Each structure stands twice: as structure tokens, then as C-alpha cells.
Amino acid sequence: MRHLINREPDGNTEPPTLAYELGKWHQNRGHFEEALTCFKQAAMAASYTTPTDMERSALSWIEYGRLNAKLNKCNEAAESYKHALCFGMPYAAKSLNEWALLLHQEGICDRDIFNRLLFELSSHSICTTVLGCALSEIGAYTEAALCFNMTEYTDTQTGIIHAHCLINDDRLDEAMNLLVSLNNKCALEDSTQDVHRDLISITMFLCKWRLSGSLPYLPAYDDDRYKLAEVAVSLGMLAEADFILSTEGTAGEYALIHMLYSEGYTTLAGTRISCLPEVQVNHTHPYHNELQFITAERLYDLGDYERASVIFENLRLSQPEHTAARFGEAACYLQSSLLSLSSRMARIDSLDTVKEQAMEYMHSINAALHIVENTHWHTIWSPAQRRRENGIGRSTTLN
């Protein structure tokens, strides 16, 4: 196990002396109650006389809120985010992102989240576009578009987010009008980044395609087609992405599966992997290892740690630099150990001393698992991406 994790929790280093840094130190080791104490101390102890003090206090409130949310202390988390709003930008944006996520995870509907956070903004000089960006992150596209319409904005990035919200809300005509306006604005400004120009152009192409029902033309170069398909998947235009990459054969299918999985269409990606003929599995293709990782990760999420560990191990052996596979394999062994130990404890009528020893083992395994999870080896999806599994039907078939 040690050769898989290959990472110690810096147990021999001295803990930091400042409360905020000490809180992060405890949090990384799974000492959540100690971390909460440190974050709250740091948040309330700042004198606010310097920008550094204000930053540390704002970040402490946000971290205090995040950790409370993780521990299902929702009221404490919400109060923490409310405190962080008082510090203005950029901390207000981070606070609203976390607060919107907290309310979404509590099962509150998008419109109620919108009303609640809009009310909180009323006592602060914070633009509603900030709330719009936060709502777009949780997939509340209708409410996010409302926020963008409430205030005039001038930056291109906000305009692109607004357009994407309209597209995901099936308001293509409005999105197209906005994109034309953004495109004209970019043509007059030398300061607009090329990545923004390209994204606007690609999005306009896809909207025209969806609105007309016919493909204007297919880009000549492979890189352009892959980029077009990638943006199409991010906008929920799966039929268009499928059509674009269908011309690329096996390579296109591999790439599409990877794009689908990365954007949160996990079940659809898994189904397409299962439909690949055995003879079609090309071990030399760049996406082959990614598809193997996706397969293993899905098995891990389903609790099939034994089969997942075999695939992770094969990836690790064939690609020693694939650190995510290494940590995934370690996570499988740790999860299997927890299941085995729990099952054993449930089957036998052990003495208190034996049960106490078993609990100590489980605590050690959980601590090791926490270290592995902190490497972020697992694919991470935004809340909006996690909601996509239920919205696959919105992608219409091409004419």
C-alpha cells in the first residue's frame, strides 16, 4: 500500500502557528473539529486593518462554511457565507458559489435559491451578475439568465456565460442575438482574448446549426472538428457532437466518450464503452488509457472495488506516470479493507477490546483514505454537470 500512496501527511513537520494555516493543516489530515475551531478563530480574530487581515478573515469564513457543509451543519455554513459577503469582491463571488451549492445540495429548488440569495445581495453592493455566475455553476440556468438581465455588463466573459445559460435553457434565439452582439463587440476591441473570440464563433456556429436543422459546413481540420464537438457536448448538443465525430471512426468514438464523461454524462459514456466491439479496442490510441480509467472509476463508484483495482493496476503498470490510476488503486484497496472489516465486526460477537481494536484499524484506514482523496485523483464534476444525467433527452436528433 505504501508504494501506491507514496505520500506521507507531513507528520514530522511542525504545525503552522497562524490559525487559518493551522486550520488547513488539520483539515488535510481529517481533523475536522480542530480545523473548524481554527477557521472560526482566524475569521473572528482579524483586525481588518490591512488587506492581508481582510483576506485571511474572508477566506477563513468561507473555509469554515465549506467544512460545516461537509459535516452537514447547514445553518452554520450559511451563516459563514453571509459573513464572507461583507468583504465584497472577490470573496463575495466565492461565498455565493458555495452558498448556492449548499442550498442546491439541501434539495431547495432553483427559484427559491435565486430568491434567497438575491435577498441577501440587497444589503450589499454586489452586482447581480455575480449571483448569475454562481447559479450557472449549479445548473440553475433560467434563474442565472434572470440575474444577467437585471444588470448591464460589459465584460465578454460574463456575456459568454449568459449565452450558455440561454442555450441550456433552450432559448436559442435569445442566445443567438446575444452572441451576434458579443461578436460585433469583439470585432471592435483589440483587447478581447482570442479564446473568447473562438468560443463565440463556435457557439454561434452550433446555434445556427440547431436553429436551421442542417449543418452549414464541416470544418476541414481534425483539431477544429474535435474542438467543435467538445463545445457541443458542453452545451448539451449531443446529437451534433455525435455527428461531427462520426466521421472520425474509432478515434472519434473514443474522443466522444471521453468528452461525454468529462461533462457529466457518465451513464451514457459507460453505455458507449460497453458497446465498443472487442476488436475495436485500440491499445495504441491516445484515448485508450482514458477509457480504461473511466471504466475503472465507474466500477469504483458502483462499489465494485475488486474489478476496479485490476484495471487501475494495469494502468499503473503500463503507465507509471499515471498518478490518478495509482491513487485509484490505493483507494480500492482501502475501501475493500473497510468493507471486509465492517463485515467481520457484524458477523462475530467480539469482546469489547477486540471491537475497540477493530475500530482503531478502521480509523487508520479512513485516515489513509482521506489522504488519498485529497490527491483529487477522481474526476470532479461541477453541480451543473452532475445534473446532466437527467437532461439527456433535451438533446434533439439532427434532421
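The values are calculated or read from the model by the stated rules, or taken from the named source; none is laboratory data. What you are looking at is a predicted structure, and each value in this text was computed from that prediction instead of being measured. Because the Cβ atoms are built from the backbone with ideal geometry, glycine has one as well, and the counts that use them run over all protein chains shown. Protein only, heavy atoms only, side chains kept; ligands, DNA and RNA dropped before computing areas. Shrake-Rupley method; radii C 1.70, N 1.55, O 1.52, S 1.80 Å.
Count of segment 302-329 residues, restricted to those that are farther than 16 Å from Thr375 by Cβ, touching a residue at least 24 places away in the same chain (Cβ under 8 Å) and either in a helix (DSSP H, G or I) or open to solvent by less than 30 Å² (accessible area, probe 1.4 Å) (or both), is 5. For Leu71, the stated conditions hold: it is closer than 29 Å to Ala367 by Cα, in contact with a helix residue (DSSP H, G or I) (Cβ under 8 Å, 6 or more places away or on another chain) and of a type outside the set (Asp, Glu). Going by the conditions given, is Asp173 part of a helix (DSSP H, G or I), of a type in the set (D, E, K, R) and within 25 Å of the chain's Cα centre (by Cα)? In short, no. Of all the criteria given as (1) modelled with pLDDT of 80 or more; (2) open to solvent by 90 Å² or more (accessible area, probe 1.4 Å); (3) outside any helix (DSSP H, G or I), the one not satisfied by Met44 is (3).
Looking across segment 99-117, the residues that are closer than 14 Å to Cys133 by Cβ and buried (at least 21 other Cβ atoms within 10 Å of the Cβ) come down to Trp99, Ala100, Ile113, Phe114, Leu117. Go through segment 184-217 and report how many residues are β-branched (Val, Ile, Thr), modelled with pLDDT of 80 or more and within 12 Å of Thr156 (Cα to Cα). Adding up the residues that qualify gives 2. One residue stands out among those in segment 218-258 that are modelled with pLDDT under 90 and not in a helix (DSSP H, G or I): the one that is nearest to Phe293 (Cα to Cα), which is Tyr221.
Residue selection: Met89 satisfies the criterion of being in contact with a helix residue (DSSP H, G or I) (Cβ under 9 Å, 6 or more places away or on another chain), outside any helix (DSSP H, G or I) and surrounded by fewer than 20 Cβ atoms within 10 Å (Cβ to Cβ).
Among the residues making up segment 119-148, a single one is touching a residue at least 12 places away in the same chain (Cβ under 8 Å), part of a helix (DSSP H, G or I) and open to solvent by 70 Å² or more (accessible area, probe 1.4 Å): Glu137. Remark: pairs (first residue in segment 64-82, within 10 Å of Leu36 (Cβ to Cβ); second residue of a type in the set (Lys, Arg) and at pLDDT below 95; Cβ separation under 6 Å; 6+ apart in sequence or on different chains) = Tyr64/Lys40.
Residue count for segment 49-66 satisfying the condition of being open to solvent by 20 Å² or more (accessible area, probe 1.4 Å) and polar (S, T, N, Q): 3.
Just a yes or no: is a residue in segment 168-187 open to solvent by less than 10 Å² (accessible area, probe 1.4 Å), over 26 Å from Gly264 (Cβ atoms) and not small (Gly, Ala, Ser)? Checking segment 168-187: at least one residue is open to solvent by less than 10 Å² (accessible area, probe 1.4 Å), over 26 Å from Gly264 (Cβ atoms) and not small (Gly, Ala, Ser).
The combined condition, being in a helix (DSSP H, G or I), over 29 Å from Val372 (Cα atoms) and free of Cβ contacts under 8 Å to residues at least 24 places away in the same chain, is fulfilled by Arg116.
Residue count for segment 67-77 under the criterion of being surrounded by fewer than 20 Cβ atoms within 10 Å (Cβ to Cβ) and in a helix (DSSP H, G or I): the result is 4.
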